[in-house]
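So the structure is just underneath, and the comments pick up after that.
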Amino acid sequence: MLPADPADAHRRLDPPHDLASILSLVQPHRVYGDYTVQILRHKYRILPEDIVPRLRGSAVRVEHRRDGSLAMSFEGKSLRFELCAPTQKPTVALDQPTRDRKATLRSPQTSWGKNYNRMPDIPLGKAAKGRG
C-alpha cells in the first residue's frame, strides 16, 4: 500500500486503538485484600461491580495518561475505581510520659550485648593511665 503523499506516510488509527492508552505510562500495581490499589500515595477502591475472581492479590495494569487521568485494567477488562477518603493517622500526645527502655532477656544475644562484658570493670582513672 503506497501512501497518498510520499512526504507523509501516517495512517489513521483503527477503531480498537486508543491513542491515550498507547501514549500513557503503564505500571503494574498489586491489589490489596480489600480491593484497593495504592498509586502515588493515594488509595483507590475498585468498584464492587468490577470485582472479578482472581483480582485480589493480582497485579492490575495502571495507565498514567498524559492528561493526568488514570486508567486501570485487569486481564484486558477496564476497571472502574474511586479515590478513597484519606485516613487520619493516630497522633501521640506530647504530654504523655515515656518509659525508660529496660534491658530485655535477649540483650546478651544482640550485637552490643555480646561485647558488653569483654572489658573488666576498672576505675576510669586507672584505665586512662593504663592506655597512655
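Read-outs: derived from the displayed coordinates by stated rules, not from any lab. Here the structure is a predicted model, which is why all the values come from computation and not from measurement. Cβ placement follows ideal geometry from the backbone for every residue including glycine, while neighbour counts extend to all protein chains displayed.
What the table shows:
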read-out	value
Rounded, prolate or oblate (a/c below 1.5 giving rounded, otherwise prolate when a/b exceeds b/c) for the stretch 19-83 by Cα gyration tensor	prolate
Average Cα contact separation per residue, the stretch 1-69, under 8 Å, 6 or more apart, as relative contact order %	37
Proxy reagent accessibility, fewest Cβ within 10 Å first, across L79, L47, L55, L124	L124, L47, L55, L79
Cut-off 11 Å between beta-carbons: net charge of the residues surrounding V52, Lys and Arg +1, Asp and Glu -1	0
Cβ-based exposure ranking for R65, R30, in which fewest neighbours within 10 Å come first	R30, R65
